[in-house]
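K.L.:
Dumping the structure here so I can ask a few things about it.
The values are calculated or read from the model by the stated rules, or taken from the named source; none is laboratory data. The structure displayed is predicted, hence computed values, not measured ones. As a convention, Cβ positions derive from the backbone with ideal geometry for all residues, glycine included, and neighbour counts pool all protein chains shown.
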Amino acid sequence: MNPVTLPSGRRWIADILPALDKEPRVSVVIPTYRRPDMLMRCLAAVAAQDMDPMEFEILVVDDGPDEGTRDAVERFAGAQRARGLPVRYLQAEGTQGPSGARNRGWENARAAVIAFTDDDTIPTPSWLARGLAAMADGAAAAVGGIRVPVPARPRDHERDTAGLERVEFATANCLVRKSALAAVGGFDERFTMAWREDSDLQFMLMARGLRIVRAPDAVVLHPVRPAPAGISVPMQRKVYFDALLYKKHPSLYRQRIRPRPPWNYFAIVAGVIAMAAGFAAGAPWLTWAGLVLWAALTLQFFLARLRGASLAPSHVVEMLVTSILIPPLSLFWRLRGAWHFRARFL
């Protein structure tokens, strides 16, 4: 008989020991990208669940990948091994973005239920237990509550993040049966940013008649990450993926996401075009008409965004500048997405 050669090293220990345990009730999948400090905060909260540590497992899927994250996860896994909590580190090879990372996670999970969260969240101790309880009657998925602590008059980025509290289905806090994920093919990896991939999964589950329930007491906290001033401008490229979501689910997109195109953006850009055309043609009336249209609608947009937000002078200036830049940039990414995905999307 030939001798059996076993792999050596700490990764073998971290990967093989979970297979010797009983099958967990739930697998927690956390995609991450080069922010190990936030990840460790999230992992500590997940490890502190009020469940037997042997009833769940944690899979960290590194979309970097980078050695700092790997070393941090392996140290954490070693510290949890004595408690019987399996923690695995995976690399999301051949993909880009959280959709692919989550797919690598649930595909390698051992439990029948997958709990998704993000590396910048802090799950509360009852998160998993309450989420599983909501699915006890056989529901395909459960959507938990997200709490975003922000000041009474938030800045633009803070208010944008706080919008997570109102979304119907967010991968920052949802539990999905592995069988349901397999039925719909998991996440669409064409969503290479953290944007609309969760709505796409929601709509695919709905299209198959799979039931989604609410679990408002299964809560994760989502602190606002620091961001540079004007972050809303580069974030307009997310609209590119609205075109893909619309192509796949046009009716649900209009019902659940945006009932109509952003006609005010089109009118603002039309004003800019009229100004340029009037100047080029030597037609002052057209230039002035375009200027009035652009200025009136841009001011209206600026004031609407500023309502209820921070009135600190620096923030007011930021909102004014970004209100000028957002409409044309948003339309650029919207039309580019429509062209790329061959979607009739405005």
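K.L.:
Just to be sure I understand the filter: pairs with C-beta atoms under 9 Å, separated by 6 or more residues or on different chains, first member in region 293-308 and over 14 Å from Tyr265 (Cβ atoms), second member among the hydrophobic types (A, V, I, L, M, F, W, C) and in a loop (DSSP other than H, G, I, E, B). Which pairs pass?
P.N.:
Gly308/Ala152
K.L.:
Consider region 48-58. How many of its residues are over 22 Å from the mean Cα position of the chain (by Cα) and in contact (Cβ under 8 Å) with a residue 40 or more places away in the chain?
P.N.:
Selection size over region 48-58: 5.
K.L.:
Let me ask you something else. Check Ala152, Ala111, Ala133, Ala139 and return the single one that is farther than 22 Å from Thr32 by Cβ, at pLDDT 95 or above, crowded, with 17+ Cβ neighbours inside 10 Å and more than 22 Å from the chain's Cα centre (by Cα).
P.N.:
Ala139
K.L.:
Could you tell me whether any residue of region 232-239 is surrounded by 15 or more Cβ atoms within 10 Å (Cβ to Cβ), closer than 30 Å to Glu318 by Cβ and among the charged types (D, E, K, R)?
P.N.:
Yes, there is a match, as at least one residue in region 232-239 is surrounded by 15 or more Cβ atoms within 10 Å (Cβ to Cβ), closer than 30 Å to Glu318 by Cβ and among the charged types (D, E, K, R).
K.L.:
Among the residues that make up region 329-342, is at least one of them part of a helix (DSSP H, G or I), free of Cβ contacts under 8 Å to residues at least 24 places away in the same chain and over 26 Å from the mean Cα position of the chain (by Cα)?
P.N.:
There is no residue in region 329-342 that is part of a helix (DSSP H, G or I), free of Cβ contacts under 8 Å to residues at least 24 places away in the same chain and over 26 Å from the mean Cα position of the chain (by Cα).
K.L.:
Sticking with this one: From the residues in region 33-80 that are of a type in the set (Lys, Arg) and assigned to a helix (DSSP H, G or I), which one is nearest to Phe191 (Cα to Cα)?
P.N.:
It comes out as Arg70.
K.L.:
Got a sec? Which of Arg190, Arg177 is of a type in the set (Lys, Arg), in contact (Cβ under 8 Å) with a residue 40 or more places away in the chain and crowded, with 19+ Cβ neighbours inside 10 Å?
P.N.:
Selected residue: Arg177, the only one of Arg190, Arg177 that is of a type in the set (Lys, Arg), in contact (Cβ under 8 Å) with a residue 40 or more places away in the chain and crowded, with 19+ Cβ neighbours inside 10 Å.
K.L.:
Scan region 204-235 for residues that are touching a Leu at 6+ places or on another chain (Cβ under 9 Å) and free of Cβ contacts under 8 Å to residues at least 60 places away in the same chain and jot them down.
P.N.:
Met204, Met206, Ala207, Pro234
K.L.:
Quick one: which helices (runs of 4 or more DSSP H) lie wholly within region 170-280 and hold at least 1 residues that are at positive phi?
P.N.:
Where helices (runs of 4 or more DSSP H) fall fully within region 170-280, none carries at least 1 residues being at positive phi.
K.L.:
Please specify each residue of region 277-290 satisfying the condition of being surrounded by fewer than 13 Cβ atoms within 10 Å (Cβ to Cβ) and hydrophobic (A, V, I, L, M, F, W, C).
P.N.:
Ala280, Ala281, Trp285
K.L.:
Further, regarding this structure: Determine, yes or no, whether Thr298 is more than 23 Å from Met193 (Cα to Cα) and among the polar types (S, T, N, Q).
P.N.:
yes
K.L.:
One residue is enough: does region 217-240 have a residue meeting the conditions in contact with a helix residue (DSSP H, G or I) (Cβ under 8 Å, 6 or more places away or on another chain), at pLDDT 95 or above, acidic (Asp, Glu) and not assigned by TED's automatic domain parsing to the domain that holds Trp333?
P.N.:
Within region 217-240, one or more residues are in contact with a helix residue (DSSP H, G or I) (Cβ under 8 Å, 6 or more places away or on another chain), at pLDDT 95 or above, acidic (Asp, Glu) and not assigned by TED's automatic domain parsing to the domain that holds Trp333.
K.L.:
Output the residues belonging to region 129-161 that are aliphatic (A, V, I, L, M), in contact (Cβ under 8 Å) with a residue 60 or more places away in the chain and more than 25 Å from Gly185 (Cβ to Cβ).
P.N.:
Ala129, Ala133, Ile146, Val148, Val150
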